[in-house]
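Inspection log for the structure reproduced underneath, given as structure tokens.
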Amino acid sequence: MTPTPSTFWDDLAQDLQDPEFLRDYVRESIRIATIDQLVNALDEAREAAHLSKAELARAVSAEPAVVRRLFSAGHVNPTLGTLAEVAAALGMRVTLEALSAEERKQVTQTLLEGRSADPEALAKHVTATRQRSEKVLAS
């Protein structure tokens, strides 16, 4: 039996009352969304430069399989060094950007305090962030 969407959110909201679970959930959700966004942007740049994955691998002195996995695996966890090298070969660099005030309120404050004023809204926010990244990767 598949739980109804409201049951899922109710259960998740309950789980998010535990500060350790809350921090892990937020950290992992943001990590996945960020990596997906970076990898997708690099793959788009690779395609725009008309470079094959093998050509890009040669440019960064990596095995072709490393670059293939980077762009084709569902959930990769590349090092920042790998992302920076690939970005440089594509004429890009990896940079940081500040979260919006709303995201700082929902994400940063939650990580620092280990609690959220509205766990259900937080869960929906980080889930939506991950889903946006997944949709971009799928297109």
Check: Which condition number does residue 53 fail, the rest of (1) closer than 30 Å to residue 12 by Cα; (2) of a type in the set (D, E, K, R); (3) surrounded by 14 or more Cβ atoms within 10 Å (Cβ to Cβ) being met?
Finding: (1)
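Here is a check on your reading of the model: is residue 68 surrounded by 14 or more Cβ atoms within 10 Å (Cβ to Cβ), more than 20 Å from residue 130 (Cα to Cα) and out of contact with any Leu (no Cβ under 8 Å at 6 or more places or on another chain)?
On the way: surrounded by 14 or more Cβ atoms within 10 Å (Cβ to Cβ): yes; more than 20 Å from residue 130 (Cα to Cα): yes; out of contact with any Leu (no Cβ under 8 Å at 6 or more places or on another chain): yes.
The answer is yes for residue 68.
Test of understanding: among 87, 123, which residue is in contact with a Lys or Arg (Cβ under 8 Å, 6 or more places away or on another chain), of a type outside the set (D, E, K, R) and either surrounded by 14 or more Cβ atoms within 10 Å (Cβ to Cβ) or modelled with pLDDT of 90 or more (or both)?
87
Tell me which residues, restricted to region 114-126, are assigned to a helix (DSSP H, G or I) and free of Cβ contacts under 8 Å to residues at least 24 places away in the same chain.
Going residue by residue through region 114-126, those that are assigned to a helix (DSSP H, G or I) are 119-126.
Within region 114-126, 121, 125 qualify.
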Next item on the list: Could you list all residues from region 5-58 that are modelled with pLDDT of 90 or more and not in a helix (DSSP H, G or I)?
Entry: 49, 50, 51, 52
Checklist line | Tally of residues being crowded, with 17+ Cβ neighbours inside 10 Å and not in a helix (DSSP H, G or I) across region 71-84 | finding: 1
Next item on the list: Keeping to region 59-68, report how many residues are of a type outside the set (A, V, I, L, M), outside any loop (DSSP other than H, G, I, E, B) and under 16 Å from residue 83 (Cβ atoms).
Entry: 1
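Conditions tested, residue by residue: (1) in contact with a Phe, Trp or Tyr (Cβ under 8 Å, 6 or more places away or on another chain); (2) of a type outside the set (A, V, I, L, M); (3) more than 29 Å from residue 16 (Cα to Cα).
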residue	(1), (2), (3)
32	no, no, no
72	no, yes, yes
120	yes, yes, no
127	no, yes, no
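When residues of region 64-105 are filtered for being of a type in the set (S, T, N, Q), touching a residue at least 40 places away in the same chain (Cβ under 8 Å) and under 23 Å from residue 49 (Cβ atoms), how many remain? Full working, then the answer.
Filtering region 64-105 down to residues of a type in the set (S, T, N, Q) leaves 72, 77, 79, 82, 95, 100.
Still in the list and also touching a residue at least 40 places away in the same chain (Cβ under 8 Å): 77.
Right, trim to under 23 Å from residue 49 (Cβ atoms) and you get none.
Residues flagged as of a type in the set (S, T, N, Q), touching a residue at least 40 places away in the same chain (Cβ under 8 Å) and under 23 Å from residue 49 (Cβ atoms) within region 64-105 amount to 0.
Test residue 36 against the stated conditions and say whether it is in contact (Cβ under 8 Å) with a residue 60 or more places away in the chain and surrounded by 14 or more Cβ atoms within 10 Å (Cβ to Cβ). Quick ask: steps written out before the conclusion?
On the way: in contact (Cβ under 8 Å) with a residue 60 or more places away in the chain: yes; surrounded by 14 or more Cβ atoms within 10 Å (Cβ to Cβ): yes.
Yes; evaluated as a whole, the condition is true for this residue.
The values are calculated or read from the model by the stated rules, or taken from the named source; none is laboratory data. Predicted model only: the values in this text are computed from it and were never measured. Note that each Cβ is placed from the backbone with ideal geometry, even for glycine, and that neighbours are counted across all protein chains shown.
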